[in-house]
Amino acid sequence: MASKILMPNYPSVNHVAYSASMVPRSHFIGQVCLPNKSTAETTASISQSLVVSSITPTMSTKLDKTSSTRTSTLAHMWREVQGCNNWEGLVEPLHPFLRQEIIRYGEFVTACYQAFDLDPNSKRYLTCKYGKKNLFREVGMGNPGYEVTKYIYATPDVNIPIQNEPSCGRWVGYVAVSSDDAVTRLGRRDIVITFRGTVTNPEWIANFMSSLTPAKLDHNNTRPDVKVESGFLSLYTSNESDDKFGLKSCREQLLSEVSRLLNRYKGEELSISLSGHSMGSSLALLLAYDIAELGLNRLGPNLDIPVTVFSFGGPRVGNLGFKERCEELGVRVLRIVNVNDPITKLPGVFLNENFRVLGGRYEFPWSCSCYAHVGVEIVLDFFNMQNPSCVHDLGSYISLLKCPKKGDQVRKDEENIFIRARESILSRAQNTNMEPLRNAASNLVSLFQNV
C-alpha cells in the first residue's frame, strides 16, 4: 500500500494527498495533484495544494509563533484538532495530534464491527454481543477513557421481502462520553457517536436508493433546497411502525440521548464528535447536520459546541444545498478517503460537484440535483493486488495511518511484480528476434505499471 494526499481550498472540498512514489494520477475535476515542482507552478492559479510524502509520529505543526507554546498539548489545541479553522496548518505535515485523533475515532468505529452479532443462531442476532459496560474491554480496547451511555438501532425501510432477514431494527452504533480522567487529557468533555458501515442485505438495498429528497429535519424551516440521499434518510428516520411498542427511529434515539448528555454536562467545555465508516459516515453527517440545524449545540448568539465528523470511506450524502448549509451551520467534516475506494465516488458518479458548471461560468440546469461532498478531504492511496477488497476496508485505512511506511513496502512489492513480469515477457520476446514484439511487450508492461 502507498499513501497519497491532495487538498483544494475550503469551502470547496479541501484535499490533501499522501504519496510514497509521487506518481501523477487522474483525479476528479477541482482536485490538483502536485507530483513535482513544475506541476505545482502550473497549477498554483487553480488551487492551493499541499503535498506530503509520508506521515510520521514525530511530525510537528508549523503554526504561527504566538501559538506554538499554547498548542503544546492536545488539551490546549483540541479546538483546532476538531476543525475550528478547517484544519489549517495541521495537514502539511499531518500534525501528530490530528493523526492520533483520526486513528482513535477510527478505532471507535472498529469496535462496532467487532461487537456486531451476525450469528443467526445467537439470541443477540443483529444486536451487540456485549453489554455497554463491557464493550470496549471485550473488543480489546481496554479502557479508552469513555463510557458507553446508549446503543443505537436503525430500521431499514425496505418493502422488498428478503429471505432470512427479519424486519426489526439493527444495532448500528453507540453513544459514549469521556470520563472525568479523560477530560483532563482531552481538554473538554467529549461526546462520541459512532456508526458501523453496511453489513445486512436491507442496508445494502437502502444504500442503492440514490434519489435526492428534501431532508426536512427542521419542521419550522423545511428548506426544500437542502436534499439528501433517500436511502440514508430513510435509515436515519424510519421506525418500527408496525409495532406501537417498537423501536423509535435512529434519529429519535440519537437526538434524545445527545440532548440528555448536553443537559447533564451543561456548563462544562464540550465537544460532539461523530465517526463512521461507509454507510455509517452518512448517518454521522446526517446527525451532525440535524444537531446543528435544530440548534442543540447552540449556547449563545456566537457560541456553539463544536460538531465534528470523522468520516472513513464515506459516500456523498446530499446535494450542493446540503453542503452549503452544513458549512453555514459550522459543521466540520474531515473525510479520510482511499483514492481507489469506489464507495467514495458514490452516489453521483456523473452528477456531482465537479460536473455542474461548464467552463467555470455556465451552470447546468440540473446543478441542484448534483451530489456534493462536504468538508476537508485527506486522501490515502493504497491497493493490494492479492486482496482488492482492502480498498474499502476500515482496518486498511487505520493500518496505513498507524504505519505509513507499510504502504511504501506494498508499493515496492507491487512494483517488483511488474518488474519481474516485464523481464519475463522481454526474455520470451528476445528469443523471437522480433524488435516490434519486444517494444510492444515493454510498452504494455509500462502501461499497466503506471495505471
Once both labels are modelled 7 Å past Cα along the beta-carbon direction, what's the Asn121-Thr222 spacing in nm? 5.1
How much length would be gained if the chain were fully extended between Tyr265 and Asn85, taking 0.36 nm per residue of separation minus their Cα-Cα distance, in nm to one decimal? 62.3 nm
Fraction of accessible area attributable to carbon and sulfur, segment 89-206 (%, probe 1.4 Å): 46
Please list, in chain and number order, the residues 5+ apart from Tyr146 or on another chain whose amide H is under 5 Å from its amide H, with Hs placed from the backbone. Ser179
Residue by residue through segment 300-315, the couplings from Karplus 6.51 cos²θ - 1.76 cosθ + 1.60 with θ = phi - 60°, in Hz, x for Gly and Pro, are x, x, 10, 9, 10, 6, x, 10, 10, 10, 10, 9, 10, x, x, x
I'd like the FRET efficiency for Cys403 and Tyr113, computed as 1/(1 + (r/R0)^6) with the beta carbon distance as r and R0 of 25 Å, rounded to 0.05. 0.80
Please report the accessible area of Leu320 (heavy atoms, 1.4 Å probe, ligands and nucleic acids excluded) in Å², nearest 10. 30
When the chain is fully extended, how far beyond the present Cα-Cα distance does Ser389 get from Lys345, taking 0.36 nm per residue of separation? 14.3 nm
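Can you tell me what percent of all Cα-Cα pairs in segment 281-343 are more than 13 Å apart?
62
The values are calculated or read from the model by the stated rules, or taken from the named source; none is laboratory data. Owing to the predicted nature of the structure, the values given are computational and were not obtained by experimental measurement. Cβ coordinates were reconstructed from backbone atoms using ideal geometry, including for glycine residues, and neighbour counts include every protein chain displayed. Protein only, heavy atoms only, side chains kept; ligands, DNA and RNA dropped before computing areas. Shrake-Rupley method; radii C 1.70, N 1.55, O 1.52, S 1.80 Å.
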